[in-house]
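Enquirer: The structure's right below; bear with me while I get my questions together.
Derivation of every value follows stated rules applied to the coordinates shown; laboratory data play no part. The shown structure was predicted, so the numbers you read here are calculated from the model rather than taken from an experiment. For neighbour counting, all protein chains shown are included, and Cβ atoms are generated from backbone atoms with ideal geometry for every residue, glycine included.
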Amino acid sequence: MISVDLLTIELLSVALVARSVTAVAGLFVATLAYRGYRRNDSTKMRALAVGIGLLTAGVYVAVVLADLTGAGSGIVLLVRGLVTVAGLCVVLYAMVAA
């Protein structure tokens, strides 16, 4: 039988791996958008690259840093939400204004 502590550690490990894979995939897509910006000198692509980077790697970094500082669950959710809103605003800017 698996103890509760071991199960908790395994669930945290799975969550960390899932977040890491999401961040890496997002950085790959952001890199492709940045390459499009460099190739075509398009400010929309630059803004899109920044927005995607914030939505994926930015959220990952913010959550990891909040966890490392020992912040409570509410603070972690607040930080994650703020970075997500910032990323979505930049993507919206890329689609509408840039």
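Enquirer: Suppose every Lys and Arg Cβ carries +1 and every Asp and Glu Cβ carries -1, with no other charges. What dipole size does segment 23-98 come out with about its Cα centre, to the nearest 20 debye?
Expert: Value, rounded to 20: 300 debye.
Enquirer: Continuing with this model, one more query. Return the Rg/Rh ratio of the chain with Cα-based radii and a Kirkwood Rh.
Expert: Rg divided by Rh gives 1.12.
Enquirer: Mean Kyte-Doolittle hydropathy of 1.0 or higher plus an axial Cα length of 20 Å or more: which whole DSSP H helices in the chain meet both?
Expert: 73-96
Enquirer: Restricting to DSSP H runs of at least four residues, report the calculated mean residue ellipticity at 222 nm for the chain, -39500 (n - 2.57) per run over all residues, nearest 500 deg cm²/dmol.
Expert: Using -39500 (n - 2.57) per qualifying helix, the result is -29000 deg cm²/dmol.
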